[in-house]
Amino acid sequence: MKSHMISNKNVDTVIITVKNAVKKYAMPVLERFNDSKKDPYWVLIPCILSLRAKDEATAVVSESLYRMAPTPEQVLKIPLKKMEQIVYKTGFYHVKAKNVLNITKIILEKYKGKVPDDIDELLTIPGVGRKTANLVVTVAFKKPGICVDTHVHKISNRWGYVKTKDAEHTEMRLREILPKKYWMKINLYLVLFGQNICLSVSPFCSKCPIAKWCPRIGVTTSR
Ligand code: SF4
């Protein structure tokens with residue numbers, strides 16, 4: 001095995017090393033929220049709110065919306081202006097408030113209140129993108145999917161494991177090459193790894209446990 005290469009020859013070792021390295025970090029707050037609700041609707045809505053928002057803000061807003069209106073029927077009764085105030089802290093509140101209400105209406109009217117467990121079906125709902133659809137099927141339904149966010153996209157490219165321009169292509173490539181046993185957990189591992197070690201700007205390469213395999217593609221400054 002050549003050094004500075006991450007491929008399917010060593011991906012098991014790399015992922016297990018990452019998994020062990022991130023054990024000591026607290027689960028992201030949003031992950032904890034999703035986990036505690038065990039309700040596909042309450043995985044879907046926080047994901048809509050999380051777009052370009054900090055995890056912390058998304059979790060606080062999701063929790064207060066949940067306390068105020070724990071069922072889709074109750075959420076739909078909230079007037080648009082009020083919903084805008086509720087989701088304000090997550091940013092882009094005009095669009096997000098409208099999306100939450102529209103999606104809830106579709107879930108109630110078209111799907112009789114049951115969030116679909118199929119990625120392609122979820123993608124037919126306006127406002128639901130691939131990241132959200134993958135998160136819902138993996139977290140809420142424990143079905144295979146790969147949720148590619150900014151961390152998964154950036155890190156798998158730094159590793160040279162994929163060579164892709166955007167998250168959607170990363171997901172497609174990972175679906176081709178990543179062993180299925182890692183599909184559901186790769187997001188959690190790489191979010192924690194990206195938040196604590198392989199930071200978006202100036203990653204901690206000097207203390208990275210997988211540095212000996214990583215070609216650090218595209219990394220210009222590191223610590
Ligand atoms: S921290 Fe550096 S060495 Fe470690 S995975 Fe990221 S880019 Fe590679």
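Each reported figure results from applying straightforward, stated rules to the coordinates on display, with no laboratory input. From a predicted model like this one, the values you see are computed outputs, not experimental measurements. Note that each Cβ is placed from the backbone with ideal geometry, even for glycine, and that neighbours are counted across all protein chains shown.
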Within 10 Å of each candidate Cβ there may be at most 16 other Cβ atoms; applying that plus a DSSP loop requirement, which chymotrypsin sites (Phe, Trp or Tyr not before Pro) in the stretch 115-223 survive? F141, F204
Over the stretch 110-194, what per residue volume does the convex hull of the Cα atoms give, in whole Å³? 94 Å³
Given a cut-off of under 8 Å on Cα pairs at least six residues apart, what relative contact order in percent is computed for the stretch 29-140? 31 percent
Let me check I have the definition right: for the chain, take the eigenvalues of the Cα gyration tensor, multiply each by 5, take square roots. What are those semi-axes in whole Å, largest first? 34, 18, 14
Among D166, D12, which comes first, second and so on when ranked by fewest other beta-carbon atoms within 10 Å? D166, D12
Send over the Kirkwood Rh of the stretch 29-140, from the inverse of the averaged 1/r over different Cα pairs, rounded to one decimal Å. 13.6 Å
Of V201, V148, V136, whose Cα points farthest to the positive end of the dipole of the stretch 94-223 (charges on the beta-carbon: +1 Lys, Arg; -1 Asp, Glu; origin at the Cα centre)? V201
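Using 18 Å as the Cα-Cα cut-off, could you pick out the over-long pairs in K89/K154; K38/K143; K37/K114; K77/K131? Before the final figure, lay out each step's value.
On the way: K89/K154 26 Å; K38/K143 14 Å; K37/K114 15 Å; K77/K131 27 Å.
Those over the limit are K89/K154; K77/K131.
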Using the Karplus equation 6.51 cos²θ - 1.76 cosθ + 1.60 (θ = phi - 60°), what ³J(HN,Hα) coupling, rounded to whole Hz, does each residue of the stretch 61-75 give in order, writing x for Gly and Pro? 5, 4, 5, 6, 5, 4, 5, 6, 8, x, 10, x, 4, 6, 4
